[in-house]
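As structure tokens, the structure follows; a few thoughts come after it.
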Amino acid sequence: MRALIVFESMYGCTHDIADAIARGVGLVGDVTTVPVSHAIDEDTSVYDLVIVGGPTHVHGMSRESTRRGAVEAADQPDSELTVEPDAAGAGIRDWLWELSRREGSAAAFDTRVDKPAILTGRASKGIAKRLTSLGFTLVAEPESFLVDTHTRLIQGEEARAEQWGQRVAARLQ
């Protein structure tokens, strides 16, 4: 089984979760993990499983304005945030709208603040909806991994992401 994980990350948490998911998937098959900025080079049709994830911004997937806001927040003099190299570039939403229709298995994840989803929203729901509209079959419910209000992963989330990745990949065997 071959899997592709495409992620968008502003401050590194979603990147860490994507890497953890890849460790889990890697126990079951071969996995390629790429930031969305490099996903245009990937032919999704050669993979048995495509997993897509990004941060939750304003109840859903990021937009150019929210990515710009994230970069500006990190640029503040009192900020402890470090921006990922491609944070200001195209996001998951942009990539998904450019992706061609195809069949295959997929899963969606996001990172969001540790509060009720009704308050924060979930980017993974929009990602899953778009993947389904492209012809993918979801092999798992959209999953959220949690960060605190300082944009740090909650303890145990990386381990949970690794387990989730293993379970998702095992469904294809």
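Readers should treat all values here as calculations from the given coordinates under stated rules, not as data from a laboratory. What you see is a predicted model, and the numbers here were worked out from it, not measured in a lab. Here Cβ is always computed from backbone atoms with ideal geometry, including for glycine, and neighbour counts include all displayed protein chains.
Taking amide H as placed 1.01 Å from N in the peptide plane, the amide H of I5 sits under 5 Å from that of T32, T33, V34, I51, each at least 5 places away or on another chain. Ranking I118, P85, L96 by how far each Cα lies toward the positive end of the dipole of the chain (charges on Cβ) leaves I118 at the top. With K and R counted +1 and D and E -1, the other residues having a Cβ less than 9 Å from that of T120 yield a net charge of +2.
Taking the Cα centre of the range 2-170 as origin and assigning +1 to Lys and Arg Cβ atoms and -1 to Asp and Glu Cβ atoms, the resulting dipole is close to 680 debye. Projecting the Cα positions of G69, I40, S133 onto the charge dipole of the range 2-170 (unit charges on Cβ atoms of Lys, Arg, Asp and Glu, taken about the Cα centre) puts S133 furthest along the positive direction. Relative to its residue count, the range 8-117 spans a Cα convex hull of 119 Å³ per residue. Other residues with beta-carbon under 12 Å from the beta-carbon of Q163 carry, at +1 per Lys or Arg and -1 per Asp or Glu, a net charge of -1.
The chymotrypsin sites (Phe, Trp or Tyr not before Pro) of the range 118-171 include none that DSSP puts in a loop with a beta carbon having at most 13 other beta carbons within 10 Å. Ignoring GluC sites (Glu not before Pro) that are buried or in helix or strand per DSSP, and keeping those with at most 13 other beta carbon atoms within 10 Å, what is the longest stretch of the chain between them? Of all site-free stretches, the longest is 1-79. Looking at the chain, what % of its DSSP beta bridges pair antiparallel, to the nearest 5? The antiparallel proportion sits near 5 percent. Rounded to 0.05, the FRET efficiency of the E141 and Q163 pair, given R0 = 22 Å and the Cβ-Cβ distance, is 0.90.
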